[in-house]
Amino acid sequence: MTTLETLEKALAGHDWFYEYSDDHSVWSRGRDALANISSLMSKAKAEGFSDEVTALFAKYKPANY
């Protein structure tokens, strides 16, 4: 699986509103997932896929995020 494929899967499955959870385990998983997404985005950009990263992020982030 390529970095972009991994990033897309992570973005598609991310709980964008984890910060609002009262359950600490949900919050922790969301924080860790977002850190992973950030790392994947940096890696993909370093591989020369900056435009693709921007497009994927825009595709999956909620409008009110």
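The values are calculated or read from the model by the stated rules, or taken from the named source; none is laboratory data. Because the structure is predicted, anything quoted here is derived from the model rather than measured. All Cβ positions, glycine included, derive from the backbone under ideal geometry; neighbour counts span all protein chains shown. Ligands, DNA and RNA are stripped out before the accessible areas are found, and what is left, the full protein with its side chains, is counted by its heavy atoms. Shrake-Rupley method; radii C 1.70, N 1.55, O 1.52, S 1.80 Å.
A compact table of results
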item	result
Virtual paramagnetic centre 7 Å along Cα→Cβ of residue 47, amide N under 18 Å, in region 1-21	1-13
Other-chain or far-sequence residues with amide H under 5 Å of residue 14's (modelled H)	none
Rg to Rh quotient for the chain, alpha carbon positions, Kirkwood Rh	1.00
Helix-derived mean residue ellipticity, 222 nm - over the chain, DSSP H n ≥ 4, -39500 (n - 2.57), to 500	-22500 deg cm²/dmol
The chain - accessible surface per residue (Å², probe 1.4 Å)	68 Å²
Accessible surface ranking that places the most exposed of 27, 16 first, with a 1.4 angstrom probe	27, 16
Relative contact order [Cα under 8 Å, 6+ residues apart], the chain, whole percent	43 percent
Karplus (6.51, -1.76, 1.60) ³J(HN,Hα), θ = phi - 60°, over region 21-34, in Hz, Gly and Pro reported as x	6, 8, 8, 4, 5, 5, 4, 4, 4, x, 4, 5, 5, 5
